[in-house]
Amino acid sequence: MLDPVTLAVLKGRLEQIADEMDATLFRAAFNPTIAEAHDACHGIYDAATGATLIQGKSGLPIFVGVMAFGVRAVIDKFTGDNAPAEGDVFIFNDPYLGGTHLSDLRLVRPCFRDGRLFCWLASVGHWHDVGGAVPGNYNPAATEYFQEGVLIPPVRLITAGRLNQDILDILLAASRMPMSAYGDLNAHLSALDLGAARVAALLDEYGTEMVAAALGELTARAAAQIRAEIAALPDGTWHEEDFLDNDGRTDVPLRIACAVTVSGDRLKLDFTGSADACAGPVNISRATTVASVYVALKHLFPEVAANSGVLDPIDIVLPPNALLDAQRPKPVGGYTETILRIIDVLFCAFARIRPDHAYGNAYGTINALSIAGLRPDGQRWVMFSFFGGGHGGNPEGDGLSHGNPPIATAIIPPVEIMEAAYPIRFTQWALRPGSGGAGTHRGGMGAIYEIELRDSSAEAFVFAERARFAPRGVLGGGSGAPNVVSFEQDDGWHTPPLASKVVGVRLKRGQHIRLESPGGGGWGDPAGRDPAAVARDKRLGYVP
């Protein structure tokens, strides 16, 4: 057994490898969604099972959890005479094998030591465009994944250090932004090169057996930690549900239901009663559902180490044909909205199980916006971005205003970068007054983003949620303000018929599109709020 000091040193060194890989990708990528927003992640995965061993602190947690399924898919496919070798790199974006949606490209590299596979390194990032019917790939009207982009199954991009040019040609041909894709790909490869060098140096210094023992111990400790956390909860079953606005095709709400059962040191999450798989793109794969549970548990039990041990005492039940266990070719492009609702449902359930650690719902949508057009020289431009909103109130204070969703440590791209890169101008970027849910500790403020087109014409696409079902408060707290999407046309301002989703809005020079993002849910009875805090809210314009 390792002594605590050595284990702590190795834990820090291993996490630093993933963090350096994050930094390398962020600095080298061409695409602002990766370079500026940090919509990416890196991790170290088990050689035999693909289980998560180490994750970086700067990347998206949801990617880390899903990637374990992706590494497993590579392990299962490449066996026997086709087994991985030194210098190989695999690439894919298949959401049904261990992905999220087609925009998220995954590169996996085996690390060998003395001729034996020691671990896998993975690099994941949201590419600018991978084909499909909508520039930027967030297509609210998709009914099959074919309309969302080009699906790449797990293939060898690099064989024993040699690039497979045919695969590269296919990747670049599939994108409306091939130079962006080329730059991102090389940034991923650089991050994997650095990670492999750092792993090799660590093994040289400490030896294979000691590092392997540390990885095993860290996983075992995470499992023991979360078992202890669950054991401290009261036994019983609690039911919660929430709804998605619609699937982007039919204006019918979609239920996300979960029965949370605590029994000793085990937790059962039964999603029976959730909506069936739907026509539109808010379906998610089983891998994505499991990863969203992983992220929710890390929020609820923040002291537990971040690796596959978190899921060891968790039983997840998904009904057949469920929205949460989509099979190909069901579209999955809007996965972000569905996993945010899973997290909201779990937060509300745990508010009843453990009220002293309750959180109001965060704003619950990434408000994915694409605007695309042609420059005067005929070159295509595609702006894709996501936007912030309010977080829920909590036992210690008010919710964060204008934050990122609980699935991400990503950064909202700076105004200056987007205005420099695309023919648009932000005419408003401000907190949204009155959007936080009332409470002893109120929800954080959402935001207002208004964008003016400076080119002659363009098309806009919005994939969002929480326009019909506002973020909920807990323990008597009020709901945050719902989402509002609107756009300008020759006859004035309009809102989408499906409230939060719209395809192909034609904008002319000088016309605007506006997002008013939700605030977070409140915590506790509003009557218990400190009068001084109420006065401060009014003085700062947070409430009318």
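The values are calculated or read from the model by the stated rules, or taken from the named source; none is laboratory data. Because the structure is a prediction, the values reported are computed rather than measured. Neighbour counts run over all protein chains shown; Cβ positions are idealised from the backbone, glycine included.
Some notes on this structure:
- Conditions (1) of a type outside the set (D, E, K, R); (2) in contact with a Gly (Cβ under 9 Å, 6 or more places away or on another chain); (3) under 24 Å from residue 310 (Cβ atoms): number failed by residue 175: (3)
- Listed by position, the strands (runs of 3 or more DSSP E) inside the stretch 479-526 whose residues that are at pLDDT below 95 number at least 2 are 501-508.
- Qualifying residue in the stretch 194-215 (condition: surrounded by 15 or more Cβ atoms within 10 Å (Cβ to Cβ), outside any helix (DSSP H, G or I), touching a strand residue (DSSP E or B) at 6+ places or on another chain (Cβ under 7 Å) and of a type in the set (Gly, Ala, Ser)): no
- Every residue from the stretch 210-241 that is out of contact with any Phe, Trp or Tyr (no Cβ under 6 Å at 6 or more places or on another chain) and of a type in the set (D, E, K, R): 217, 221, 227, 235, 240, 241
- Taking the conditions (1) closer than 29 Å to residue 51 by Cβ; (2) not in a helix (DSSP H, G or I) in turn, residue 136 satisfies each one other than (1).
- Which listed residue, of 277, 259, is under 16 Å from residue 341 (Cα atoms), of a type in the set (Gly, Ala, Ser) and under 22 Å from the mean Cα position of the chain (by Cα): 277
- Some residue of the stretch 413-428 being under 27 Å from residue 358 (Cα atoms) and either of a type in the set (S, T, N, Q) or not in a strand (DSSP E or B) (or both): no
- Residue 447 being at pLDDT 95 or above, farther than 22 Å from residue 134 by Cβ, buried (at least 24 other Cβ atoms within 10 Å of the Cβ) and among the hydrophobic types (A, V, I, L, M, F, W, C): yes
- Residue match in the stretch 298-317 (condition: outside any strand (DSSP E or B), modelled with pLDDT of 95 or more and crowded, with 22+ Cβ neighbours inside 10 Å): no
- Of the residues 467, 421, 481, the single one that is more than 22 Å from the chain's Cα centre (by Cα) and surrounded by fewer than 23 Cβ atoms within 10 Å (Cβ to Cβ) is 421.
- Residue within the stretch 343-358 that is crowded, with 24+ Cβ neighbours inside 10 Å, out of contact with any helix residue (DSSP H, G or I) (no Cβ under 6 Å at 6 or more places or on another chain), at pLDDT 95 or above and in a loop (DSSP other than H, G, I, E, B) present: no
- Close pairs (9 angstrom Cβ cut-off, 6 or more residues apart or separate chains): closer than 15 Å to residue 47 by Cα in the stretch 211-234, in a helix (DSSP H, G or I) and hydroxyl-bearing (Ser, Thr, Tyr) anywhere: 214/6; 214/206; 219/308
- Options 250, 237, 261; residue that is surrounded by fewer than 19 Cβ atoms within 10 Å (Cβ to Cβ), under 30 Å from residue 140 (Cα atoms) and not assigned by TED's automatic domain parsing to the domain that holds residue 502: 250
- Test for residue 407: is it hydrophobic (A, V, I, L, M, F, W, C) and surrounded by fewer than 24 Cβ atoms within 10 Å (Cβ to Cβ): no
- Looking only at residues in the stretch 51-87 that are in a loop (DSSP other than H, G, I, E, B) and surrounded by 24 or more Cβ atoms within 10 Å (Cβ to Cβ), the one that is modelled with the lowest pLDDT is 59.
- Test: residue in the stretch 163-182 that is farther than 29 Å from residue 371 by Cβ, part of a loop (DSSP other than H, G, I, E, B) and out of contact with any Ser or Thr (no Cβ under 6 Å at 6 or more places or on another chain): yes
- Test: residue in the stretch 273-293 that is part of a strand (DSSP E or B), modelled with pLDDT of 95 or more and not assigned by TED's automatic domain parsing to the domain that holds residue 396: yes
- Qualifying residue in the stretch 113-120 (condition: out of contact with any helix residue (DSSP H, G or I) (no Cβ under 8 Å at 6 or more places or on another chain), modelled with pLDDT under 95 and not aromatic (Phe, Trp, Tyr)): yes
- Some residue of the stretch 209-230 being hydroxyl-bearing (Ser, Thr, Tyr) and out of contact with any helix residue (DSSP H, G or I) (no Cβ under 6 Å at 6 or more places or on another chain): no
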